[in-house]
Amino acid sequence: MGVPGRCAIAIAGAAIYAVSFALPAFVVMHGGSPESGLEAFLAGARMWYIVLMDGPVALIRGEVDFPDLGVCVILASWVANPAIVVAIGMAAFGRWRFAAAACAIGLCLLFAPLFSLSSGYWVWLGSAVFLWGASVFAMLCERRRRR
């Protein structure tokens, strides 16, 4: 696939991903208001910062227990964001195997059973599915062209 095709796939994947930031992504159970994808992204980033910067010290001092299952689910789900960004970059450079692998990792981590999911979540998921499908398709096309 040529440069225009690679760029089109990367731009389309990035656009779908960016739209997910503007849409309502989830509603915290028990009467919360809808949170945008950007708010969800920033909340996850803050949680990772706290875990990585304050967590080890607090655990050693005995100030906190290990995170509960809900926090672990949120942290694992957030890791899909860098995986999607890596997939966009790999697609732009035509590295289809890496793009497909990054999206596969992202898709494995895109779960949030503790929340009432909204349209932004499904668009976020769609960006990973689109990039994975386009990467696999491009990889198969290149393999077929080589034969």
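We did not get these values from a lab; they are worked out from the coordinates using the rules stated. These numbers were taken from a predicted model, which means no experiment stands behind them. Positions of Cβ are generated from backbone atoms using ideal geometry, with glycine treated the same way; all protein chains shown enter the neighbour counts.
Using the Karplus relation 6.51 cos²θ - 1.76 cosθ + 1.60 with θ = phi - 60°, the per-residue 3J(HN,Hα) values for segment 4-9 come to x, x, 4, 5, 4, 5 Hz, with x marking Gly and Pro.
Applied to segment 95-106, the Karplus parametrisation 6.51 cos²θ - 1.76 cosθ + 1.60 on θ = phi - 60° returns per-residue 3J(HN,Hα) values of 8, 5, 5, 5, 5, 5, 5, 4, 5, 4, 5, x Hz, with x for Gly and Pro. Exposure proxy for 3, 86, 51: other Cβ atoms within 10 Å of each Cβ, ordered fewest to most, give 3, 51, 86.
Backbone amide hydrogens, once placed in the peptide plane, bring residue 36 within less than 5 Å of 25, excluding anything fewer than 5 places away on its chain. Please give the net charge around residue 24, taking every other residue with its beta carbon less than 14 angstrom from that of residue 24, where Lys and Arg add +1 and Asp and Glu add -1. Here the charged neighbours net out to -2. Each residue of segment 34-46 is assigned a 3J(HN,Hα), and the resulting list reads x, 10, 6, x, 5, 4, 5, 4, 5, 5, x, 4, 4 Hz, derived from the Karplus form 6.51 cos²θ - 1.76 cosθ + 1.60 (θ = phi - 60°), x at Gly and Pro. Counting every other Cβ atom within 10 Å of each residue's Cβ, 9, 74 order from fewest to most as 74, 9.
Site pair residue 39 and residue 144 shows an inter-label distance of 4.5 nm when each label is modelled 7 Å from Cα along Cα→Cβ.
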